[in-house]
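Notes for the one structure printed next.
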């Protein structure tokens, strides 16, 4: 069961106890807790909990940032230390849409794809659109995986997707992170798939590229 683990992790996270959080992750590794369970059932719910506490004024912005940095450190640790499957011969560029500053989701899906044998290029957030398009043209990935939390950059995202379609007609494009039906409907016209979750993203990535 992950609920007791989640509760324990949230308690340490609320205290900003980096060392306790790191030690918990290492304990769970020794217990063979799968990475996707750690990501989907512990880290993401914990971060949602912290965000809700900030929105309800139970915690301050500093505490919210501290929690985010702890989770980012854990994700980076997992990226460096998790064994990956044999390469599947496919490449993917992963990162945020324009004007999106929340890059944790892109870090998580990059980890999960890499663990499943993908060759991952993770560019994170704040990459200018011309540079992103130029790099995508140079790398010619099998898949572009974009994450979007804020809808403020919807117009620039549609512009990016339109340009990517024109210069990379053979590259599949997937986007995830937003659950607003109206936004999803707009994005669906410009991508090959909209992912509903991290697990769904990995499955759709394989399906789109013939896995």
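Checking the conditions here, which among 60, 95 is surrounded by fewer than 18 Cβ atoms within 10 Å (Cβ to Cβ), under 27 Å from residue 22 (Cβ atoms) and either in contact with a helix residue (DSSP H, G or I) (Cβ under 7 Å, 6 or more places away or on another chain) or in the same structural domain as residue 50 (by TED's automatic domain parsing) (or both)? Reasoning before the result, please.
Details: 95 fails: surrounded by fewer than 18 Cβ atoms within 10 Å (Cβ to Cβ).
Step by step, each of 60, 95 is checked, and only 60 is surrounded by fewer than 18 Cβ atoms within 10 Å (Cβ to Cβ), under 27 Å from residue 22 (Cβ atoms) and either in contact with a helix residue (DSSP H, G or I) (Cβ under 7 Å, 6 or more places away or on another chain) or in the same structural domain as residue 50 (by TED's automatic domain parsing) (or both).
What's the number of the only condition in (1) more than 19 Å from residue 39 (Cβ to Cβ); (2) surrounded by fewer than 21 Cβ atoms within 10 Å (Cβ to Cβ); (3) under 18 Å from the mean Cα position of the chain (by Cα); (4) at pLDDT 95 or above that residue 134 fails to meet?
Residue 134 satisfies all of (1) more than 19 Å from residue 39 (Cβ to Cβ); (2) surrounded by fewer than 21 Cβ atoms within 10 Å (Cβ to Cβ); (3) under 18 Å from the mean Cα position of the chain (by Cα); (4) at pLDDT 95 or above except (3).
Of the residues 71, 50, which is within 22 Å of the chain's Cα centre (by Cα) and over 22 Å from residue 199 (Cα atoms)?
Details: 71 fails: over 22 Å from residue 199 (Cα atoms).
Answer to the selection: 50.
Examine the stretch 41-51 for a residue that is buried (at least 18 other Cβ atoms within 10 Å of the Cβ), in contact (Cβ under 8 Å) with a residue 12 or more places away in the chain and either closer than 13 Å to residue 78 by Cβ or touching a strand residue (DSSP E or B) at 6+ places or on another chain (Cβ under 8 Å) (or both), and state whether such a residue exists.
yes
Kindly list, by first and then second residue, each pair from a residue in the stretch 145-168 that is assigned by TED's automatic domain parsing to the domain that holds residue 185 and over 25 Å from residue 118 (Cβ atoms) to a residue that is exposed (fewer than 14 other Cβ atoms within 10 Å of the Cβ) and modelled with pLDDT under 95, limited to pairs with Cβ atoms under 8 Å and residues at least 6 apart or on different chains.
Listed by first residue and then by second, the contacts come to 150/101; 151/180.
Can you pull out every residue in the stretch 152-196 that is loosely packed, with under 15 Cβ neighbours inside 10 Å, in contact with a helix residue (DSSP H, G or I) (Cβ under 8 Å, 6 or more places away or on another chain) and closer than 25 Å to residue 45 by Cα?
The one that is loosely packed, with under 15 Cβ neighbours inside 10 Å, in contact with a helix residue (DSSP H, G or I) (Cβ under 8 Å, 6 or more places away or on another chain) and closer than 25 Å to residue 45 by Cα: 180.
I'd like the full set of residues that are surrounded by fewer than 20 Cβ atoms within 10 Å (Cβ to Cβ) and in a helix (DSSP H, G or I), limited to the stretch 199-211.
199, 200, 203, 206, 207, 208
The values are calculated or read from the model by the stated rules, or taken from the named source; none is laboratory data. The model shown is predicted, which means the values in this text are computed figures rather than measured ones. We place every Cβ from the backbone using ideal geometry, glycine too, and count neighbours over all the protein chains shown.
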